[in-house]
């Protein structure tokens, strides 16, 4: 069992809770909604003998600060740059999932040669423009709803458990893929004061996310990129977006898989990450 070290650091004006584990080249993990650093435990467990993991609860989530502003990708990337500096990381791989993806792209662009690779798993990409691109707000109803944060809070507060269980079951290929004890942890997190309000800011900033991503990708990303998504979720959206963004992109679509790739296809994604990181360390 991998030992996690819990830490706190004040970076870019916010105090973040984060965990570290393992030793070796650094892998920074950026989670999505409604999870936290714990979604990367299947990855950390498999690779901490070769890599050092830094996995924060991003601003607005879990045991990190919950400010009322500052959720645009470039600002979250600054959070990560200062956290990496705090940990003394000179070079690093970036691993992200879901809404951790757009700020992870910003981080790759802003790292000034320090980023070794970028792996985005089940990431919605906003603000792109290529043949066949569909803005994720079109097929996924909850993106537009969550952007209207006041209405979402009005409807969800007091019903957090029922609401989150919908996502963990219905956005999966295998409904029980996310273990019950983890679902209960995420429900407890979302019921904590300020967590629903603050975490919804990651959706409220989608227009700014699209604007900043569009500006960043005017120049092709020279950091090696990998993008995978489940057939039952984002499908080929992620890999096609990565090919439009990066000079070098690999990845594809995972069959019999939904949104929760680390839990649903643990062995597959661990194999892909191991090969990707090894080639780019």
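Since every read-out is calculated from the coordinates, none of them should be taken as a lab result. As the structure is a prediction and not an experimental result, all values here were calculated from the model. Methodologically, a virtual Cβ is constructed for each residue, glycine included, from the backbone with ideal geometry; neighbour enumeration extends over all protein chains shown.
Quick notes
- Residue list for region 254-281, restricted to those being buried (at least 17 other Cβ atoms within 10 Å of the Cβ) and not in a loop (DSSP other than H, G, I, E, B): 254, 261, 262, 263, 264, 269, 272, 273, 276, 277, 280
- Residue count for region 170-202, restricted to those that are within 17 Å of the chain's Cα centre (by Cα), under 19 Å from residue 61 (Cβ atoms) and assigned to a loop (DSSP other than H, G, I, E, B): 2.
- From the options 163, 173, 203, residue that is without any contact (Cβ under 8 Å) to a residue 40 or more places away in the chain, under 30 Å from residue 255 (Cα atoms) and out of contact with any strand residue (DSSP E or B) (no Cβ under 6 Å at 6 or more places or on another chain): 163
- On the stretch given as region 233-244, residues that are part of a loop (DSSP other than H, G, I, E, B) and surrounded by fewer than 19 Cβ atoms within 10 Å (Cβ to Cβ) total 2.
- Elements of type strands (runs of 3 or more DSSP E) in region 1-58, at least 2 residues being touching a residue at least 40 places away in the same chain (Cβ under 8 Å) and within 21 Å of residue 263 (Cβ to Cβ): 26-30
- Residue, farthest from residue 214 (Cα to Cα), within region 101-128, restricted to residues that are part of a loop (DSSP other than H, G, I, E, B) and more than 16 Å from the chain's Cα centre (by Cα): 114
- Residues that are in contact with a strand residue (DSSP E or B) (Cβ under 8 Å, 6 or more places away or on another chain), within 22 Å of residue 144 (Cα to Cα) and surrounded by fewer than 24 Cβ atoms within 10 Å (Cβ to Cβ) within region 60-115 comprise 67, 70, listed in sequence order.
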